[in-house]
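The values are calculated or read from the model by the stated rules, or taken from the named source; none is laboratory data. Computed from a prediction, not measured in an experiment: that's the story for all the values here. Neighbour counts are summed over all protein chains in view; Cβ atoms, including those assigned to glycine, are modelled from backbone coordinates with ideal geometry. For the accessible areas, the whole protein counts, side chains as well, though only heavy atoms, and no ligand, DNA or RNA atoms are used. Shrake-Rupley method; radii C 1.70, N 1.55, O 1.52, S 1.80 Å.
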Amino acid sequence: MEKSIKLNNGVLIPQPGFGTFMTKDGEEAIQAVRWAVETGYRHIDTAAIYNNEKGVGEGIRQCGVSREELFVTSKVWNSERGYDKTLKAFDKTMNDLGLDYLDLYLIHWPANERQFGKKASKLNQETWRAMEKLYEEGRIKAIGVSNFMPHHIERLIEKATVKPAVNQIEFHPGLLQKECVEFCKEQEITVEAWSPLGRGELIFDELLMGLAEKYGSTVAQLIIRWVMQHDIVPLVKSTKQTRIEENFQVFDFEISSEDMQRIDEMKPVRMGPDPDDADF
């Protein structure tokens, strides 16, 4: 299992990624990022709406590893959709992070028809046009989307000159999103998994606990490995040093095809909102 995947523009994205959702700005974010990098993570994921970009940026500066060795992602929030707003939002993100460039910038959620009617696709396209400008200027190494379903992506690329390199979606045992994942793979769009541990609720699943014992792993390690064996990049979050370290130790075992199938067949459950129903 490789520790990086090549995106459709040739950029390498390290895995697993270290997520920072609900990590408090300031010392908690700084320390979490430092521990993650010390452990071996080279991929740090944040977002404007997380309100911790300043702490994440400071953690990056204090981590003792050169900026060039790290892969840093952030996302433009829903209130900043559109061409001009996206450009301004990016400048604020870069100022808060204190960085010269981003490795990956994502549209956090698609504008959907529930909120915007027939204007939704155009709004996504205008946001993407700003992303393309930033990419062409070299301020971002790769651009992508998050929570986009196939129909969102199809309409986006109708007007695009740069195809999304990444789609970050909810993906975990119980939510494989097969149609979306297969579509992305056909389009050479790398899939990232947010909330791969099901917001912690999957840690006590009996099937996963039994399989973890079989492989001599924690349930979290088992799930992270399962995600990676699907050729999907997991984004794992913790603020505890021991768990940060444990969650990176996923390269010394392999889940059998039979056990992969057992996990794949777990009862469907979605933790977050359906992108077409989101009203925020």
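Show me 110-116, 147-153, 131-137 ranked by packing, highest mean number of other Cβ atoms within 10 Å first.
147-153, 110-116, 131-137
At a Förster radius of 22 Å, what calculated FRET efficiency corresponds to the Cβ-Cβ distance of residue 252 and residue 206, to the nearest 0.05?
0.35
Over region 132-202, what is the percentage of antiparallel beta bridges among all DSSP beta bridges, to the nearest 5?
10 percent
If all Cα-Cα distances of region 77-165 are sorted into 5 Å bins from 0 onward, what percent lands in each bin, rounded to whole numbers?
Result returned by the calculation: 3, 15, 27, 27, 16, 7, 3, 0.
Given a 1.4 angstrom probe, I'd like the percentage of the accessible area of the chain that is carbon and sulfur, rounded to a whole number.
Taking all protein chains in place, the chain shows 46 percent carbon and sulfur surface.
Keeping all protein chains in the complex and leaving out DNA, RNA and ligands, what accessible area do you get for residue 101 with a 1.4 Å probe, in Å² to the nearest 10?
40 Å²
Please get the size of the charge dipole for region 157-241, origin at its Cα centre, with Cβ charges of +1 on Lys and Arg and -1 on Asp and Glu, quoted in debye to the nearest 20.
Here region 157-241 has a charge dipole of around 300 debye.
State whether the chain is rounded, prolate or oblate according to the following rule on the C-alpha gyration tensor (a ≥ b ≥ c being the square roots of its eigenvalues): a/c under 1.5 gives rounded; otherwise a/b larger than b/c gives prolate, and the remaining case gives oblate.
In terms of gyration-tensor shape, oblate.
Below 8 Å between Cα atoms, with a sequence gap of 6+, how large is the relative contact order for the chain in percent?
Relative contact order for the chain comes out at 19 percent.
In nm, to one decimal, how far is the residue 215 label point from the residue 277 one, both placed 7 Å along Cα→Cβ?
3.0 nm
Using a 7 Å offset from the Cα along the Cα-to-Cβ direction at both residue 242 and residue 51, what is the distance between the two label points in nm, to one decimal?
In this crude spin-label approximation the distance works out to 3.0 nm.
State in Å² the accessible area per residue of region 1-78; use a 1.4 Å probe, count heavy atoms of protein chains only, and round to the nearest integer.
I get 42 Å² per residue for this part.
So, in Å, what gap is there between the alpha-carbon centers of region 216-280 and region 8-66?
The two parts, judged by their Cα centres, are 19 Å apart.
Give me the one-decimal nm value for the distance between modelled label points at residue 9 and residue 158, 7 Å along each residue's Cα-to-Cβ direction.
In this crude spin-label approximation the distance works out to 2.4 nm.
I want to make sure I understand the PRE zone here: with the label point 7 angstrom from the Cα of residue 151 toward its beta carbon, which residues in region 74-96 have backbone N atoms less than 20 Å away?
No residue qualifies, since no backbone N sits under 20 Å from the label point.
If you place +1 on the Cβ of every Lys and Arg and -1 on the Cβ of every Asp and Glu, how big does the dipole about the Cα centre of the chain come out, in debye to the nearest 20?
So the dipole magnitude of the chain works out to roughly 760 debye.
What residues qualify as long-range amide H neighbours of residue 175, i.e. H under 5 Å apart, gap of 5 or more or another chain, H built at 1.01 Å from N?
269
Could you tell me which residue out of 64, 41, 236 lies farthest along the dipole of the chain toward its positive end? Charges go on the beta carbon: Lys and Arg +1, Asp and Glu -1, centred on the Cα centre.
64
Non-local amide H neighbours of residue 168 (under 5 Å, H modeled in plane, Pro and chain starts lacking H): which ones?
Those lying under 5 Å, H to H, from residue 168 are 145, 146, 147, 148, 192.
At 0.36 nm per residue, and after removing the present C-alpha to C-alpha distance, how many nm does the segment from residue 182 to residue 101 gain when stretched out fully?
This chain segment gains 26.1 nm when fully extended.
Restricting to the chain, compute how many DSSP beta bridges are antiparallel as a %, nearest 5.
Roughly 15 percent of the DSSP beta bridges within the chain come out antiparallel.
Classify region 168-280 as rounded, prolate or oblate from the Cα gyration tensor: take a ≥ b ≥ c as the square roots of its eigenvalues, call it rounded if a/c is under 1.5, otherwise prolate when a/b beats b/c and oblate if not.
prolate
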